[in-house]
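Trainee: Provided herewith is a single structure, encoded as structure tokens, for subsequent inquiry.
The values are calculated or read from the model by the stated rules, or taken from the named source; none is laboratory data. These numbers come from a predicted model, not from an experiment. Cβ placement follows ideal geometry from the backbone for every residue including glycine, while neighbour counts extend to all protein chains displayed.
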Amino acid sequence: MRPLVPELRFPEFKGPWKPARAGDAFRNSKAKGKAGLPIYSVTQDRGLVRRDSLERHMGADAADETNLRAQPGDLVYNMMRMWQGAVGMASEECMVSPAYVVLAPEKGISSKFFDYWFQNRHMLHQLWAYSHGLTNDRLRLYYQDFAKIPLALPDQPEQEKIAAVLDATCRKITLLTDKKTALEDYKRGLMQRLFSRELRFTRDDGSAFPDWEERKLGDVFDWVQTNSLSREHLVDDPASGVQNIHYGDIHGKYRALFFQSKENAPFIATTAPMRDIKAAEYLRVGDVVIADASEDYADIGKAIEIMEVAHESAVAGLHTYIARPKAKSLVLGFSGYLLRSAPMRKQTMRIAQGISVLGVSKSNLEKLTFWLPQPDEQRKIAATLSAVDAKIDVLSQKISEVEAFKKGLLQKLFV
């Protein structure tokens, strides 16, 4: 039998938690909606949020009198996704879909405590175990089954202390995330001004740099063949030797500059049915890897510049092109930002072809035009943007550390 005390506990609280069931903590509220109340939806990552704040458009599920009404402090969960943590606490009186369950706390119950407890790994397993359905996508957790879930309850003061500690941790994550978002917004604005030539650097002696020259990608890059291996031929085992840059990771995982020692690129499985890789096809420092396919205009043609890579240890994979600089006209670290600049992204999206899946051809990429500054100015642009990226990386690391700390608390503060 699991002990009814948490692994981590505040010293002022003694004695075991009391055995109970979820139905002892919450009753099923069936209060009907009423006109004028805001409508909320349950999300897995943000809890209970106003429906009009969601990016996707969602109409009302039912008439006001058919919707359910939640009071401040009630917990609301999605029957189909509760086992994945789709639950949130109402911050104001509101209406929710009749497909949800509204949990009204009993006396002595902290809803905030349970809002966090439902994120605990053991509790998520319980929520899954008490759901009914043949497959995960058909699971439902009805209140009568939720009410049977066994749990252990501390007294309300301990519930509130645990919730307060986790609240402080979440505020820290929010603060860091807001700082990161602001810095990313600043970087986008800075790139816009730099690559539109609205903002220019000067030489160290204060004199002006020469005007930028108009060039085409085909003037400065050669194209290198890539392999055609898809995800199923990639593994996370470094013993496999060669890492593979996958186009999907260029879309959302990597920033403009790629450092092999810092990025977690997958490896090619030793059993993969691949042809022999020629020496020229291994990635080199200064190469630009371009994703030539996407289902989204925002990602088509995204690129990364290889800043650090061991000899013959990485290749570019399915749906990518390798653009290799022809001469010394491009400074290391500049091309990655250039190809992600607004002027280049707009041109790339215009040449994309396709309906459900978009693609760009090498011949069309070669025709794209851009303005090229003198190498010393390139160097200053790259250094400035790289410094901003370094600050973003520091914030990302801090967010990951606090999130890991929170995850540990969720495992140790609950029974």
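Trainee: Of everything in region 231-269, what is without any contact (Cβ under 8 Å) to a residue 60 or more places away in the chain, over 27 Å from Lys391 (Cα atoms) and in a strand (DSSP E or B)? Give them in sequence order. Give the derivation first.
Mentor: Of region 231-269, the ones without any contact (Cβ under 8 Å) to a residue 60 or more places away in the chain are 231-233, 235-240, 248-249, 251-254, 259-269.
Next, from what is left, pick out any that are over 27 Å from Lys391 (Cα atoms): 231-233, 235-240, 267-269.
Val235, Phe267, Ile268 - these are the residues of region 231-269 that are without any contact (Cβ under 8 Å) to a residue 60 or more places away in the chain, over 27 Å from Lys391 (Cα atoms) and in a strand (DSSP E or B).
Trainee: In the set Asp276, Asp287, Asp296, which member is over 28 Å from the mean Cα position of the chain (by Cα) and either of a type outside the set (Lys, Arg) or farther than 25 Å from Gln374 by Cβ (or both)? Show your work before the answer.
Mentor: Values: Asp287 fails: over 28 Å from the mean Cα position of the chain (by Cα); Asp296 fails: over 28 Å from the mean Cα position of the chain (by Cα).
Among Asp276, Asp287, Asp296, only Asp276 is over 28 Å from the mean Cα position of the chain (by Cα) and either of a type outside the set (Lys, Arg) or farther than 25 Å from Gln374 by Cβ (or both).
Trainee: Same structure, new question: Of all residues in region 233-250, which are over 22 Å from the mean Cα position of the chain (by Cα) and either modelled with pLDDT of 80 or more or under 12 Å from Glu263 (Cα atoms) (or both)?
Mentor: Taking region 233-250 as the starting set, the residues that turn out to be over 22 Å from the mean Cα position of the chain (by Cα) are 233, 237-243.
Correct list: His233, Asp237, Pro238, Gly241, Val242, Gln243.
Trainee: Here's another thing I want to ask about it. Does region 207-230 contain at least one residue that is within 27 Å of the chain's Cα centre (by Cα), outside the structural domain of Asp393 (by TED's automatic domain parsing), aliphatic (A, V, I, L, M) and within 22 Å of Asp299 (Cα to Cα)? Don't jump to the end; show me each part of the working.
Mentor: Here is the first cut: in region 207-230, the residues within 27 Å of the chain's Cα centre (by Cα) are 228-230.
Next cut, outside the structural domain of Asp393 (by TED's automatic domain parsing) only: 228-230.
Right, trim to aliphatic (A, V, I, L, M) and you get 229.
Still in the running and within 22 Å of Asp299 (Cα to Cα): 229.
Within region 207-230, one or more residues are within 27 Å of the chain's Cα centre (by Cα), outside the structural domain of Asp393 (by TED's automatic domain parsing), aliphatic (A, V, I, L, M) and within 22 Å of Asp299 (Cα to Cα).
Trainee: Another question about this same structure. Among residues belonging to region 288-301 that are assigned to a loop (DSSP other than H, G, I, E, B) and hydrophobic (A, V, I, L, M, F, W, C), point out the one that is nearest to Glu366 (Cα to Cα). Talk me through it step by step, then tell me what you get.
Mentor: Pass one, region 288-301, residues assigned to a loop (DSSP other than H, G, I, E, B): 292, 295-301.
Restricting the remaining residues to those that are hydrophobic (A, V, I, L, M, F, W, C) gives 298, 300.
Values: Ala298: 20, Ile300: 15 Å.
Applying the filter and picking the extreme gives Ile300.
Trainee: While we're here: Looking for something among the β-branched types (Val, Ile, Thr), at pLDDT 95 or above, closer than 30 Å to Asp115 by Cα and in contact with a Phe, Trp or Tyr (Cβ under 7 Å, 6 or more places away or on another chain) - is there at least one such residue anywhere in region 173-182? Lay out the reasoning, then the answer.
Mentor: So in region 173-182, the residues among the β-branched types (Val, Ile, Thr) come out as 173-174, 177, 181.
With the extra rule that they be at pLDDT 95 or above, the set shrinks to 173-174, 177, 181.
Imposing the further condition that a residue be closer than 30 Å to Asp115 by Cα reduces the set to 173-174, 177, 181.
Applying the additional criterion that residues be in contact with a Phe, Trp or Tyr (Cβ under 7 Å, 6 or more places away or on another chain) yields none.
No: region 173-182 contains no residue that is among the β-branched types (Val, Ile, Thr), at pLDDT 95 or above, closer than 30 Å to Asp115 by Cα and in contact with a Phe, Trp or Tyr (Cβ under 7 Å, 6 or more places away or on another chain).
Trainee: Can you confirm whether Ile277 is within 25 Å of Glu366 (Cα to Cα) and modelled with pLDDT of 90 or more?
Mentor: On the way: within 25 Å of Glu366 (Cα to Cα): yes; modelled with pLDDT of 90 or more: no.
So Ile277 does not fit the description; no.
Trainee: List the residue pairs whose Cβ atoms are under 7 Å apart, where the first residue sits in region 169-185 and is within 25 Å of Arg340 (Cα to Cα), the second is among the small types (Gly, Ala, Ser), and the two are 6 or more positions apart or on different chains.
Mentor: Lys180/Ser396
Trainee: What is the residue count in region 74-100 for residues that are of a type in the set (A, V, I, L, M, F, W, C) and in a helix (DSSP H, G or I)?
Mentor: So the first thing to find is which residues in region 74-100 are of a type in the set (A, V, I, L, M, F, W, C), and the list is 75-76, 79-80, 82-83, 86-87, 89-90, 94-96, 99.
Checking which are in a helix (DSSP H, G or I) leaves us with 82-83.
Of the residues in that region, 2 qualify.
Trainee: Ok, one more. Hey, can you tell me all the residues within region 178-199 that are under 26 Å from Lys326 (Cα atoms) and surrounded by 14 or more Cβ atoms within 10 Å (Cβ to Cβ)? Spell out the reasoning first.
Mentor: To start, the set of residues in region 178-199 that are under 26 Å from Lys326 (Cα atoms) comprises 191, 194-197.
Within region 178-199, Met191, Leu194, Phe195 qualify.
Trainee: Quick test of your reading of the structure: Ala280 fulfils all but one of (1) out of contact with any helix residue (DSSP H, G or I) (no Cβ under 8 Å at 6 or more places or on another chain); (2) in a loop (DSSP other than H, G, I, E, B); (3) more than 15 Å from His319 (Cβ to Cβ). Name the failing condition by number.
Mentor: Checking Ala280 against (1) out of contact with any helix residue (DSSP H, G or I) (no Cβ under 8 Å at 6 or more places or on another chain); (2) in a loop (DSSP other than H, G, I, E, B); (3) more than 15 Å from His319 (Cβ to Cβ), the one that fails is (2).
Trainee: Could you tell me whether region 8-30 includes any residue that is at pLDDT below 95 and touching a Ser or Thr at 6+ places or on another chain (Cβ under 9 Å)?
Mentor: Looking for residues that are at pLDDT below 95 and touching a Ser or Thr at 6+ places or on another chain (Cβ under 9 Å), one finds none in region 8-30, hence no.
Trainee: Take the residues of region 146-160 that are surrounded by fewer than 17 Cβ atoms within 10 Å (Cβ to Cβ) and among the charged types (D, E, K, R): which is farthest from Phe414 (Cα to Cα)?
Mentor: Lys148
Trainee: Which condition from (1) touching a helix residue (DSSP H, G or I) at 6+ places or on another chain (Cβ under 7 Å); (2) part of a helix (DSSP H, G or I) is the one that Phe414 breaks?
Mentor: Result: Phe414 fails condition (2) only.
Trainee: Which ones in region 216-232 are modelled with pLDDT of 90 or more and surrounded by fewer than 16 Cβ atoms within 10 Å (Cβ to Cβ)?
Mentor: Matches in region 216-232: Lys216, Asp219, Asp222.
Trainee: While we're on this one: From the list Val357, Val315, exactly one residue is surrounded by fewer than 16 Cβ atoms within 10 Å (Cβ to Cβ), assigned by TED's automatic domain parsing to the domain that holds Val220 and in contact with a strand residue (DSSP E or B) (Cβ under 9 Å, 6 or more places away or on another chain). Which is it? Give the derivation first.
Mentor: On the way: Val315 fails: surrounded by fewer than 16 Cβ atoms within 10 Å (Cβ to Cβ).
Step by step, each of Val357, Val315 is checked, and only Val357 is surrounded by fewer than 16 Cβ atoms within 10 Å (Cβ to Cβ), assigned by TED's automatic domain parsing to the domain that holds Val220 and in contact with a strand residue (DSSP E or B) (Cβ under 9 Å, 6 or more places away or on another chain).
Trainee: Right, here's the next one. Quick one: which strands (runs of 3 or more DSSP E) lie wholly within region 4-43 and hold at least 2 residues that are farther than 25 Å from Gln156 by Cβ? Spell out how you get there, then give the answer.
Mentor: Details: elements: 18-21, 26-29, 40-43.
In region 4-43, the matching strands (runs of 3 or more DSSP E) lie at 40-43.
Trainee: Exactly one condition in (1) farther than 23 Å from Glu403 by Cβ; (2) without any contact (Cβ under 8 Å) to a residue 12 or more places away in the chain; (3) not hydrophobic (A, V, I, L, M, F, W, C) is false for Ser196; which is it?
Mentor: (2)
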